[in-house]
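Values in this text are rule-based calculations from the coordinates and carry no lab data. The shown structure was predicted, so the numbers you read here are calculated from the model rather than taken from an experiment. Please note: Cβ atoms are built from the backbone with ideal geometry, for glycine as well, and neighbour counts cover all protein chains shown.
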Amino acid sequence: MSAFAVFGNPIKHSKSSEIYALFAHEIGISKEYKLILALHDNFHYLLHNFFKLGGLGANITSPFKENAYFLCNQLTERSKKARSVNTIKKLKNGTLLGDNTDGIGFISDLKRLNWIDNNNHITSQESTTTNILLIGAGGAAKGIVPMLLNTITTCHINIVNRTFARAQKLTSYYQEIGYNNISCLPLYKLRYDTNKYSLIINATTSNIYNTIPKIPSVLVNPETKCYDLFYTKQDTLFITWCKKNGSNYCSDGLGMLVEQAAHSFFLWHNLFPTVDPVINHLRSALYI
């Protein structure tokens, strides 16, 4: 029986076991980590059985992060704010602690890229307020919003989504729990938006469908940081579009993937692994 696993659907493409193995080798830990394909009908049973049979920790990926939230006995503050769980640790008393490392993984990658300075400002921005455009209002967006609002000094997040009602729902939730520096806008109204965005984040699944979010090119300038939570062998379509429209600062989500896994590893083992060699290894492997 594996001590650690990741649950998701689909799951074959997951890099989690490879990342864990690289972290474990560095730290000197020998624990098996496996991929578990789950369905909505059996996710609860598979997760419960995994821990019953000796599992110590689990990662949860799409589409089960919100389900996992309700299956934990205890929750970290960041998972409560995200209302989703991507990491579970079995405590010594047998109860399950749920955490969400997506947001802290994203912030950690922005720092790795030197896009955040020591005062928690986006680097090279001209205005005193950091305007952030978040494209997408699904699970990926939910995981990163609270950490952005808690970390970036004097920031304001504007959410746009193909379905405006979802953007409104997500915005209302964060406003209700005390965040006033977040708003939303119908996608078509972006053409009239006069905000200058320091950071634009693509949290949609548009790359899967070979499309890009329909945002005005005028929002991008040479200093605009453009981040795609998705990653591919070459530049994602979104990054290609951002570069074409002048951005000198673009990154895909591979770094975030490794960073959030490192924070999961820390939760389980109380040891923080080195991320750069793992990011470089995975990046190189994409081209093989």
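Please work out the Kirkwood hydrodynamic radius for the chain, using every pair of different C-alpha atoms, and report it in angstroms with one decimal place.
About 19.6 Å, per the Kirkwood formula over Cα pairs.
Measure nothing but the geometry: give the 0 to 90° angle between the long axis through the Cα atoms of 43-52 and the longest principal axis through the Cα atoms of the chain, rounded to 10°.
Taking Cα atoms only, the helix is inclined about 50 degrees.
What is the order of 147, 256, fewest Cβ neighbours within 10 Å to most?
147, 256
Please report the relative contact order for the chain, taking Cα pairs under 8 Å with a sequence separation of at least 6, and give it as a percent rounded to a whole number.
Relative contact order, the chain: 16 percent.
Please give me, ordered by residue number, the chymotrypsin sites (Phe, Trp or Tyr not before Pro) of segment 1-78 that lie in loop per DSSP and have at most 15 other Cβ atoms within 10 Å.
Passing both the DSSP loop test and the Cβ count: 70.
Run the quick spin-label model on residue 165 and residue 243: label points 7 Å from Cα toward the beta carbon, then report their separation in nm to one decimal.
Label-label distance for residue 165 and residue 243, simple model: 3.9 nm.
Which residue, chosen from 173, 258, 56, occupies the Cα position most advanced towards the positive end of the dipole of the chain, where the dipole is computed from +1 (Lys, Arg) and -1 (Asp, Glu) charges on Cβ about the Cα centre?
Checking the options against the dipole of the chain, the answer is 173.
If you find the alpha carbon centre of segment 222-288 and of segment 80-101, how far apart are they in angstrom?
Centre-to-centre distance over Cα atoms comes out at 24 Å.
Which value in nm describes the separation of the simple spin-label points at residue 39 and residue 128, placed 7 Å from the Cα toward the beta carbon?
5.8
Stretch residue 195-residue 12 to full length: gain in nm at 0.36 nm per residue minus the Cα-Cα span?
Difference between extended and current length: 61.8 nm.
List the trypsin sites (Lys or Arg not before Pro) in segment 63-99 that DSSP assigns to loop (not H, G, I, E or B) and whose Cβ has at most 10 other Cβ atoms within 10 Å. Which are they?
Those satisfying the criteria are 92.
Taking the alpha-carbon distance from residue 189 and a cut-off under 25 Å, which lysines remain once sequence neighbours fewer than 8 residues away in the same chain are dropped?
142, 169, 214, 225, 243, 244
Any idea what angle helix 16-27 forms with the longest principal axis of the chain, computed on alpha-carbon atoms, 0 to 90 degrees, nearest 10?
Once rounded, one gets 70 degrees.
Return one quarter of the surface area of the convex hull spanned by the alpha-carbon atoms of segment 119-252, equal to its mean projected area, in nm².
In nm², the orientation-averaged hull projection of segment 119-252 is 7.8.
Against the longest alpha carbon principal axis of the chain, how many degrees, from 0 to 90 and to the nearest 10, is the axis of helix 139-151 turned?
Rounded to the nearest ten degrees, it is 70.
Using Cα pairs closer than 8 Å and at least 6 residues apart in sequence, work out the relative contact order for segment 119-252, in percent.
Relative contact order, segment 119-252: 23 percent.
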